[in-house]
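The values are calculated or read from the model by the stated rules, or taken from the named source; none is laboratory data. Remember, it's a predicted structure, so these values are computed and weren't measured experimentally. FYI the Cβ positions are ideal-geometry reconstructions off the backbone, even for glycines, and counts take in every protein chain you see. The protein model used for the area step is the full one, side chains on, heavy atoms only, and it has no ligands, DNA or RNA in it. Shrake-Rupley method; radii C 1.70, N 1.55, O 1.52, S 1.80 Å.
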Amino acid sequence: MNTNSLQQHVNEPTRGNNILDLVMTTTDLSINGLEVTDKIDDHQMIDFSLEVQDPKTRTQHKQVLDYKRANFELMKEELGSYNYEVLMSNKNAKERNMKLKDEIATATEHHIPRKRIRPTNNPPWFSQEIKRLINARQHSYRRLKRYETEPHH
């Protein structure tokens with residue numbers, strides 16, 4: 001097993017005199033308290049804990065199209081300048097579809113810049129508008145609490 005950087009942790013029979021149940025890990029993982037325990041039917045159970053560490057995740061920036069800075073007029077001109085009869089001649093429907101997708105992708109690369117964004121852990125439906133409304137609600141709540149605690153004259 002060590003040739004594949006795997007380590008087998010079960011060293012006792014789990015069914016009769018045979019080791020049928022395997023617990024294999026890469027050598028950098030730690031198995032704690034492994035023991036072959038009570039029988040269930042004709043098999044013995046394996047009890048163990050696996051020690052894992054939370055991976056340190058680096059914030060990866062993601063590149064997305066920046067439609068606000070896109071030049072759709074030039075993109076429209078570029079796509080309109082193609083001679084589609086020549087581009088699509090002697091092609092079946094699948095090839096035509098692929099060619100059209102390629103031309104649109106090329107025009108997109110030419111006329112829609114990209115921007116880097118930092119990914120969030122928010123669900124897809126959690127928009128900027130929802131975030132703004134939640135912040136406004138919290139701001140109002142804090143103001144109300146501050147107003148309630150101030151002495152009235």
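For the reader, a short list of remarks on this structure follows.
- Residue that is farthest from ILE104 (Cα to Cα), among those in segment 41-56 that are at pLDDT 80 or above, open to solvent by 60 Å² or more (accessible area, probe 1.4 Å) and of a type in the set (A, V, I, L, M, F, W, C): MET45
- Contacts under 6 angstrom Cβ, first residue in segment 94-113 being within 21 Å of GLU73 (Cβ to Cβ), partner open to solvent by less than 70 Å² (accessible area, probe 1.4 Å) and assigned to a helix (DSSP H, G or I), 6 or more apart: ALA107/MET75; ALA107/GLU78; ALA107/LEU79; HIS111/MET75
- Pick from segment 66-79, criterion open to solvent by less than 60 Å² (accessible area, probe 1.4 Å) and assigned to a helix (DSSP H, G or I), ranking: nearest to PRO119 (Cα to Cα): MET75
- Residue within segment 57-65 that is within 30 Å of ILE31 (Cβ to Cβ), open to solvent by 80 Å² or more (accessible area, probe 1.4 Å) and part of a loop (DSSP other than H, G, I, E, B) present: yes
- Residues located in segment 92-128, provided they are among the aromatic types (Phe, Trp, Tyr) and surrounded by 12 or more Cβ atoms within 10 Å (Cβ to Cβ): PHE126
- Within segment 24-40, not a single residue is at pLDDT 80 or above, part of a loop (DSSP other than H, G, I, E, B) and loosely packed, with under 12 Cβ neighbours inside 10 Å.
- Only one entry in SER89, SER140 is surrounded by fewer than 10 Cβ atoms within 10 Å (Cβ to Cβ), out of contact with any Ser or Thr (no Cβ under 6 Å at 6 or more places or on another chain) and either touching a residue at least 60 places away in the same chain (Cβ under 8 Å) or not β-branched (Val, Ile, Thr) (or both), namely SER89.
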